[in-house]
Amino acid sequence: MTYCFHVGICLCLVLFQTTVMPYFHLFDRFYDLLSPFVIYLSLFQSLRQSIPVILFFGFLMDSLSGGPFGLYLTTYIWLFIGVKWIITFLHVGDSFLLPFIVAAGVLLQNCIFIGTIAIFEPGTQFLSAAISMATVQVLWAIFTGPIFLMFFNYSHGKWNKWLEKVFAKVNS
Amino acid sequence: MVMIVGVIVLIAVNIILLSVSNRRYLSYYGPGRIAISLVAPFQEAVSSSIRFVRDIWGHYFFLVKAAQENDNFKKALNHAVEINNLHKELKLSNVRLRSLLNFRKTIKDKVIAAEVISKDPSPWFKTIMIDKGKDDSVKKGVAVVMPEGIVGQVTEVSTHYSKVLLIIDQNSAVDGLVQKNRARGIIKGGSADRCLFKYVLRKNDVAVGDTVVSSGLDGVFPKGLPVGHVSGVIKPNSGIFQEVSVTPYVDFEKLEEVLVVLNHKKHKF
C-alpha cells in the first residue's frame, strides 16, 4: 500500500511538472520535483520501500526527458545514497536542516547534469547559463523544498491513518 | 300610532342633523379631537407595526428571493463567461489551425497535425511530447515543422505518442543556409532558446537580421523552411569560421500544435 502511495504521489508530480508547470514562466527554472521526493524517501523511508520507486521513476523520467537514457536514474540513485550518507551524522528531525539538504540534493543533481552534458557534448558553451540555472534551482529548493518534504510526510501519515481505518472497518 | 310618529320624527331629526353637519365643518377643537387623540396613537402603532412587518417581508424575505435570483444570474453569467472564453479559445485555435492548413498546402510531403501534450521535465533538455505515434505513421527521425519554421525532429516513437527533440536542444543539428547568399553551416542548439550557426566560413558576408533556412541536405528537413534570423555575428581574428547566433522564428514556449512531415523524400547524393 505504501508503494501505491509513492507511485500516486510521483505520478502527480511528474504530470504537474510536465504539463502544468510549463504554462507558468515563473517555474521555467524550477528544480525537478522528484528530487525532494527522493530525498524524502531517503530521509523517512526504508531501503526496501524506496529502491523500487526510485528505479521505476528514474526509468520513467528518462523516458520522458531528452537527456541521455539513465541520467535521471543515476541522479536519483546518487541522491538517495548521498542523503542516506548525510543522515548518518546529521539529525534529520531538525527541520532547520531540511532546506539545506534539499538544496544540496538539487545542487548534486545539477552537477551530474552539467557533468553529463559536458562529457557527452564537448565544446558546448553553456557554462554561464548552467551556473545561472543551477543557482536559481538551488534558491528555489532552499525556499520550497522543505514544504514539499513536510507535505510528503504529512500525506503519508494521513494515508496510513486512512488505511488503518479502512482495514479496521473491513475486519469488524 | 304614537310609536310610528315617534320613529318618523326621529328619522326627520336625524336627517336634519345630518344635513346640518354636512354643511358645517367641525373645527379642530371640536369633540372629535378627543377621540382622535385617544385612538390615533394606537392606530399609528398598529400601522407602524404593519408597515414594519411589511417592510421586513419586502426587504428581507423578498430580498432572499432576490438574492437567490442574483445567485442564479451570477451562475448564468459565469456560464456565459465560460462559454465566451471557450469561443475565444476556439477562435484562436481556429486561426492557428487555419495557418497550419495553409502551410500544409505549401509542403509537398505528406504531413500530419499533432498536438503538444507535455514538455521535457528537465530545463536542461529541450524536448516535447506529441499525441501522434506509430499508429499515425510517425517514424523516428522525421521532421516536425510549423508555419513559422522548423520545430525539431522525432527521436522516439510509441504507439500513440512521440518525443520531439527541439532545434534549440544541444543535441540537435540542422543543415542550414543563409537565405540571401546561400552561406552554409550547421544550426546547433545553444543556450537561452537560441541556436548557434556553426561552420560558416569567414569569407561569407552574414549580417544581423539575415534569414536562415534549411538546406535540405541533412535528409530530414525539407529544403527552404525558415529556421530563424541571425541575431549576432562575431568574426574572430583567426580561424576560418565565424561565430553566428540564430534566434528561431518558432516560439517554443507557446507551441501547441505542430505538423509532422511523414514521407519526406531524401536527396540522393
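Nothing in this text is a laboratory measurement; each read-out follows from the coordinates by a stated rule. Quick caveat, the model's predicted, so the values are computed rather than measured. Because the Cβ atoms are built from the backbone with ideal geometry, glycine has one as well, and the counts that use them run over all protein chains shown.
For A:Asn171 and A:Ile51 in one chain, what is 0.36 nm times their gap in residues minus the Cα-Cα distance, to one decimal in nm?
Value of the extension gain: 40.1 nm.
Among the lysines, which have Cα under 17 Å from the Cα of B:Lys139 when same-chain residues fewer than 8 positions away are ignored?
Straight-line reach from B:Lys139, under 17 Å: B:Lys110, B:Lys163, B:Lys265, B:Lys266.
How many percent of all Cα-Cα pairs in region A:1-126 sit more than 26 Å apart?
22
Tell me, what is the FRET efficiency for B:Phe73 and A:Ile142 to the nearest 0.05, using R0 = 60 angstrom and their Cβ-Cβ distance as r?
0.80
Once you've got the Cα coordinates, tell me which of B:Lys88/B:Lys132; B:Lys140/B:Lys203; B:Lys74/B:Lys254 are over 30 Å apart.
B:Lys140/B:Lys203; B:Lys74/B:Lys254
Express the C-alpha Rg of the protein assembly as shown as a ratio against the empirical globular expectation 2.2 N^0.38 Å, rounded to two decimals.
Against the empirical 2.2 N^0.38 Å value, I get 1.79 for the protein assembly as shown.
How far is helix B:2-23 tilted, in degrees, relative to the longest principal axis of the Cα atoms in chain B, given as a value from 0 to 90 rounded to the nearest 10?
50
Give the whole-number value, in cubic angstrom per residue, of the convex hull volume spanned by the C-alpha atoms of region B:37-106.
Taking only Cα atoms, region B:37-106 has a hull volume of 54 Å³ per residue.
Enumerate the lysines that A:Lys158 could reach by cross-link, defined here as Cα to Cα under 23 Å, with residues fewer than 8 away along the same chain left out.
A:Lys169
Using only Cα atoms and rounding to the nearest 10 degrees, what angle (0 to 90) does helix B:32-56 make with the longest principal axis of chain B?
Taking Cα atoms only, the helix is inclined about 20 degrees.
Give me the one-decimal nm value for the distance between modelled label points at B:Lys180 and B:Ile16, 7 Å along each residue's Cα-to-Cβ direction.
For B:Lys180 paired with B:Ile16, the spin-label model returns 12.7 nm.
Compute the convex hull volume of the Cα atoms of chain B, divide it by the residue count, and report the result per residue in Å³ as a whole number.
It comes to 376 Å³ per residue, whole-number rounded.
Using the eigenvalues of the Cα gyration tensor, what equivalent ellipsoid semi-axes result for region A:1-65 when each is taken as the square root of five times the eigenvalue, whole Å, largest first?
23, 12, 10
Given the options B:Glu243, B:Glu69, B:Glu256, which has the most mean-square fluctuation in a GNM of chain B, springs set between C-alpha atoms less than 10 angstrom apart?
Highest fluctuation among the options: B:Glu69.
Distance from the Cα centre of region B:190-268 to that of region B:58-130, in angstrom?
Taking the Cα centre of each part, region B:190-268 and region B:58-130 sit 33 Å apart.
Would you calculate, for chain B, the mean residue ellipticity at 222 nm contributed by helices, counting each DSSP H stretch of 4 or more residues as -39,500 (n - 2.57) and dividing by all residues, to the nearest 500?
-12500 deg cm²/dmol
Against the empirical 2.2 N^0.38 Å scaling, what ratio does the C-alpha Rg of region B:140-269 come to?
Here the Cα radius of gyration is 1.04 times the empirical estimate.
If a helix is a whole DSSP H run, which ones in chain A reach 18 Å or further along their own axis (Cα) and hold a mean Kyte-Doolittle hydropathy of at least 0.0?
A:2-15, A:47-64, A:71-86, A:98-120, A:127-171
Near A:Leu34, within a Cβ-to-Cβ distance under 14 Å, what is the net charge of the other residues, with Lys and Arg +1 and Asp and Glu -1?
Here the charged neighbours net out to -3.
Any chance you could run the full-extension gain for B:Leu201 through B:Leu92? It's 0.36 nm times the residue separation minus the Cα-Cα distance, nm to one decimal.
Full extension from B:Leu201 to B:Leu92 adds 35.0 nm.
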